[in-house]
Amino acid sequence: MGTVYGYMRVSTQEQNEDRQLLALNEAGVAEQNIYMDKQSGKDFNRPKYKLLVRRLRESDTLYIKSIDRLGRNYEEILEQWRILTKEKRIDIVVLDMPLLDTRWGKDLVGTFLSDIVLQLLSFVAENERKNIRERQKEGILAARQRGVRFGRPIKPLPDNFDTVRAKWASGEISGTEAAGLCGMSASSFYRKAREKGTDIEEAEKE
């Protein structure tokens with residue numbers, strides 16, 4: 001009888017850590033044997049996952065809540081499944097999909113059925129990820145066409161900027177003094193002055 005492990009993955013945008021942890025606990029996975037990465041599922045370059053794989057031994061069992069917690073890349077999910085079940089010779093239990101339980105149906109039919117379900121679910125997981133990304137691109141494009149601007153809002157120039165800029169441009173004050181009077185950093189002052197068409201080459205030599 002091997003050791004029972006659990007693996008969880010949450011991205012910074014998701015808030016389902018407790019749901020995954022509860023499911024693993026209910027399945028009988030000890031807290032100290034649960035590994036979690038807070039990282040995207042685009043690849044398997046995750047520290048906790050790699051540590052878990054190094055510790056897995058033949059006859060161990062790995063529980064995951066759903067197939068997309070393992071990853072989101074179709075080909076990489078299949079490759080990791082092969083490594084875990086064929087090379088590491090462990091069992092995998094996907095709690096949300098009872099058919100993906102390698103402890104049962106180890107005959108030819110059971111293995112064939114499990115492989116079909118895995119490939120189908122892996123494809124669906126990756127396809128959904130691509131669809132989400134495409135919908136995001138379409139939403140951003142539509143928003144831009146409506147005039148929506150993305151990124152941090154542009155900070156308005158101080159009321160005294162033009163007056164101070166004129167004094168600086170005429171040589172009455174230095175760039176450092178001008179930036180201080182405007183409550184700006186020197187680099188910001190120079191950049192804004194350049195945007196307004198002021199020649200600052202001499203000032204930047206200060």
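In table form, for the structure just shown:
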{"read-out": "Some residue of the stretch 35-57 being more than 22 Å from the chain's Cα centre (by Cα), of a type in the set (A, V, I, L, M, F, W, C) and more than 18 Å from Trp81 (Cβ to Cβ)", "value": "no"}
{"read-out": "So Tyr49, is it in contact (Cβ under 8 Å) with a residue 12 or more places away in the chain and touching a Leu at 6+ places or on another chain (Cβ under 7 Å)", "value": "no"}
{"read-out": "Residue pairs meeting the criteria (Cβ under 9 Å; at least 6 apart or on separate chains; first in a helix (DSSP H, G or I) and basic (Lys, Arg), in the stretch 109-132; second modelled with pLDDT of 75 or more and surrounded by 17 or more Cβ atoms within 10 Å (Cβ to Cβ))", "value": "Arg129/Asp68; Arg129/Asn73"}
{"read-out": "Conditions (1) surrounded by fewer than 16 Cβ atoms within 10 Å (Cβ to Cβ); (2) acidic (Asp, Glu); (3) touching a helix residue (DSSP H, G or I) at 6+ places or on another chain (Cβ under 7 Å); (4) modelled with pLDDT of 85 or more: number failed by Asp43", "value": "(4)"}
{"read-out": "Filter pass, Leu84 being modelled with pLDDT of 85 or more and part of a helix (DSSP H, G or I)", "value": "yes"}
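Conditions (1) assigned to a strand (DSSP E or B); (2) in contact with a strand residue (DSSP E or B) (Cβ under 6 Å, 6 or more places away or on another chain), marked per residue:
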site: Gly6; (1), (2): yes, yes
site: Gln20; (1), (2): no, yes
site: Met36; (1), (2): yes, yes
site: Ser40; (1), (2): no, no
site: Asn45; (1), (2): no, no
site: Lys48; (1), (2): no, yes
site: Arg54; (1), (2): no, no
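The values are calculated or read from the model by the stated rules, or taken from the named source; none is laboratory data. Bear in mind the structure is a predicted one, so any value in this text is a computation, not a measurement. Note that we place each Cβ from the backbone using ideal geometry, even for glycine, and neighbour counts take in every protein chain shown.
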